[in-house]
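Working notes, structure below.
Laboratory data are not the source of any read-out in this text; all were calculated from the coordinates shown. Since we're looking at a predicted model, the values are computed, not measured. Counting neighbours? That spans all protein chains shown, and the Cβs are built from the backbone with ideal geometry, glycine included.
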Amino acid sequence: GPGSTHQGKPLKAITYPFRKRMPLYLAAEGPKNIRLAVEKFEGWLPFMLSPERMDVFGESLAGRAPGFEIIPTVATSIDEDFERALEPVRQNIA
């Protein structure tokens, strides 16, 4: 293209991917967007998902294909003091 020195070489892969196609996941909140994940993607990346509250998403997740993955974000913090360990998690959520 314009301004090119034409000295570059095309890169060739020296390794090959594990799969032919990378699965796509949608990070989504709200019923319509979760439904979109079910219809068009291989998985859903929810934020602040509680396993005890999966019933809230029942209608949005209905009809998902076998192998559809739900991969929630899990915040972790390790400290001997419980309250101090919670602080970075609280800041992240805020």
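Taking segment 60-84, which residues are of a type outside the set (A, V, I, L, M, F, W, C) and exposed (fewer than 11 other Cβ atoms within 10 Å of the Cβ)? Give the steps one after another, and end with the answer.
Within segment 60-84, the subset of a type outside the set (A, V, I, L, M, F, W, C) is 60, 63-64, 66-67, 69, 72-73, 76-77, 79-81, 83-84.
Residues satisfying the conditions are G63, P66, G67, T76, E80, D81, E83, R84.
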Mind listing just one residue for me: the one in segment 6-53 that is closer than 18 Å to I93 by Cβ and among the charged types (D, E, K, R) and, of those, surrounded by the most Cβ atoms within 10 Å (Cβ to Cβ)? E29
